[in-house]
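Beneath this line is the structure, given in structure tokens, with notes to follow.
Only the coordinates and a few stated rules stand behind these numbers; no lab work does. Bear in mind the structure is a predicted one, so any value in this text is a computation, not a measurement. Counting neighbours? That spans all protein chains shown, and the Cβs are built from the backbone with ideal geometry, glycine included.
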Amino acid sequence: MKGMFGSGASSGSKGGTVDTLIGRQTEILGDVRFAGGLYIDGRIKGMVSTGTADGSATLSLSETGVIEGDVRVPNVVLNGTVIGDVRASEKLVLNAKAKVTGTVYYKVLQMEPGATINGQLVHDTGDVPALTHQKAQDGKSETAVLDLQDARRSKHG
């Protein structure tokens, strides 16, 4: 398959290659984990994510492609439908026919006129807040506290 798609097929704005193709007549029930480039013309009912810490992995969803589940991929190029949350840790491209129903987390966003999002847009800066435990005033129970100030202080010096 690498020889068939590895040299000429483009996976979108980064110009990467397509390592895996899910055809128009294919429906997958279950989670999909991949590396490299994944191009979807068909339908997936499950989560789509990268199996490695490869920051260059790219998911491309065509006009006919549908994902019913969460997407967690560094680079995402959408021209189809996603029903679920989308988390693009590097770049998200929403082409004119893209439709997302769910929360969209992005670092860099490129959106063409006609693309629709029914949900929240959340800019993900990569800052992870610190979670700390504090004793309650009665001294018996503990409470988890999200401490944003300490997280920023420790990251920026």
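Brief remarks follow.
- Listed values for region 114-125 are Karplus-derived 3J(HN,Hα) couplings in whole Hz (6.51 cos²θ - 1.76 cosθ + 1.60, θ = phi - 60°), namely x, 5, 10, 10, 10, x, 9, 9, 10, 6, 9, 8, and x replaces Gly and Pro.
- Karplus-derived 3J(HN,Hα) values for region 79-90, using 6.51 cos²θ - 1.76 cosθ + 1.60 with θ = phi - 60°, are 9, x, 10, 10, 10, x, 6, 10, 10, 10, 6, 10 Hz; glycine and proline are entered as x.
- Least to most buried among ILE67, ILE117, ILE28 (fewest other Cβ within 10 Å first): ILE28, ILE117, ILE67
- Site pair ILE28 and GLN110 shows an inter-label distance of 2.4 nm when each label is modelled 7 Å from Cα along Cα→Cβ.
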